[in-house]
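Okay, so here's the structure we're looking at.
The values are calculated or read from the model by the stated rules, or taken from the named source; none is laboratory data. All values derive from a computational prediction rather than experimental measurement. Cβ placement follows ideal geometry from the backbone for every residue including glycine, while neighbour counts extend to all protein chains displayed.
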Ligand SMILES: Cc1cc2nc3c(=O)[nH]c(=O)nc-3n(C[C@H](O)[C@H](O)[C@H](O)COP(=O)(O)OP(=O)(O)OC[C@H]3O[C@@H](n4cnc5c(N)ncnc54)[C@H](O)[C@@H]3O)c2cc1C
């Protein structure tokens, strides 16, 4: 059932990370539950992997079971869609185009899976995954595995967070119900493609990366003495924020490298893997950014990416 000593580099968009002691790809709830029970018997910690697009995986790897649930339900009608956690956001968007369903256009080019997007309430261009979620089904693995159904309110979505993130690995998202609106296929497709193009032009896609390293800064946390200077850069995400890339651009860190990791000159909130970067290389740059931004602007940066160790 489990595979031993599997390199996580291959499952990380960053191409960084050591091996998983055990690795498991369940395709059904029954397989997943059996795997969780076996890991518990063997006293292995469990980590749930989605598309690996938001993870900084330790060079030592993960000393337990990495589960990658491939629950691939994707069905529905009249705008009510059931989607499995393992479905990629790209496949979900293709489904919305094919069926003329509007509400997720903002997610054009958002990498990763539906499970990862729900856990971190992924968002862009003023939209968030929570906007279309009506129900989330998860497997609580804190004790004996049990299914939990939550509505939107109980899922406690916030800025890049949800109850599933708060529970910190105690629940595995299985599937979600989405409410979308009927729309015109061509208009939906064009809106999605425009977001993909925007990303291709502005993000350093030429190197392996894990998206924005830090969350944007809540405008309320920008010290008063800097607000006038940055007011023109404020954006809605979905509440007023100062993009962290703006602060980083003013620190002179663009292009600064540690080993194979580098602050992207194109978008400094991306630390790219230019060649053979290690997790330690990236962590050094994360610390450097935090210190520099705190010293210069009095702002505490908070990671958006997740550490796996
Ligand atoms: C080029 C690029 C651009 C990006 N742009 C954006 C953006 O605009 N907005 C944004 O919000 N993010 C962005 N990201 C970050 C990332 O794509 C999202 O956070 C994405 O939703 C993560 O999904 P994933 O499946 O890859 O999750 P992973 O990276 O595999 O995991 C992320 C977290 O989710 C947990 N997780 C995954 N699946 C499940 C599950 N089934 N149940 C419970 N927990 C689970 C993992 O344990 C982990 O803690 C970007 C990343 C890249 C590389």
Problem set entry | Residue satisfying condition, being within 12 Å of the ligand (Cβ to nearest atom) and assigned to a strand (DSSP E or B), within set 196, 172 | 172
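Give 165, 156, 185 a once-over and let me know the one that is surrounded by 14 or more Cβ atoms within 10 Å (Cβ to Cβ) and more than 15 Å from the ligand (Cβ to nearest atom). Write out each step before concluding.
Numbers: 165 fails: more than 15 Å from the ligand (Cβ to nearest atom); 156 fails: more than 15 Å from the ligand (Cβ to nearest atom).
The conditions single out 185.
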Problem set entry | Leading residue by the ranking (surrounded by the most Cβ atoms within 10 Å (Cβ to Cβ)) among those in the range 286-309 that are more than 16 Å from the ligand (Cβ to nearest atom) and closer than 18 Å to residue 259 by Cα | 289
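Test of understanding: among 74, 104, which residue is modelled with pLDDT of 95 or more and buried (at least 22 other Cβ atoms within 10 Å of the Cβ)?
Checking each option against the conditions leaves just 104.
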Problem set entry | Selection within the range 279-305 - touching a helix residue (DSSP H, G or I) at 6+ places or on another chain (Cβ under 9 Å) and either free of Cβ contacts under 8 Å to residues at least 40 places away in the same chain or not in a loop (DSSP other than H, G, I, E, B) (or both) | 289, 292, 293, 296, 297, 303
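Can you pull out every residue in the range 75-94 that is farther than 19 Å from residue 139 by Cβ and either within 13 Å of the ligand (Cβ to nearest atom) or touching a helix residue (DSSP H, G or I) at 6+ places or on another chain (Cβ under 7 Å) (or both)?
Applying the first criterion (farther than 19 Å from residue 139 by Cβ) to the range 75-94 yields 75-81, 88-94.
If the condition is that a residue be farther than 19 Å from residue 139 by Cβ and either within 13 Å of the ligand (Cβ to nearest atom) or touching a helix residue (DSSP H, G or I) at 6+ places or on another chain (Cβ under 7 Å) (or both), then 88, 89, 90, 91, 92, 93 are the ones that fit.
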Seminar exercise, completed: Per the filter on the range 109-127, residues surrounded by 24 or more Cβ atoms within 10 Å (Cβ to Cβ) and more than 7 Å from the ligand (Cβ to nearest atom) are 114, 118
Exercise. What are the residues in the range 235-256 that are without any contact (Cβ under 8 Å) to a residue 24 or more places away in the chain and either in a helix (DSSP H, G or I) or crowded, with 17+ Cβ neighbours inside 10 Å (or both), if any?
Worked result: 246, 249
Exercise. Of all residues in the range 262-278 being within 20 Å of the chain's Cα centre (by Cα) and outside any loop (DSSP other than H, G, I, E, B), which is surrounded by the most Cβ atoms within 10 Å (Cβ to Cβ)?
Worked result: 271
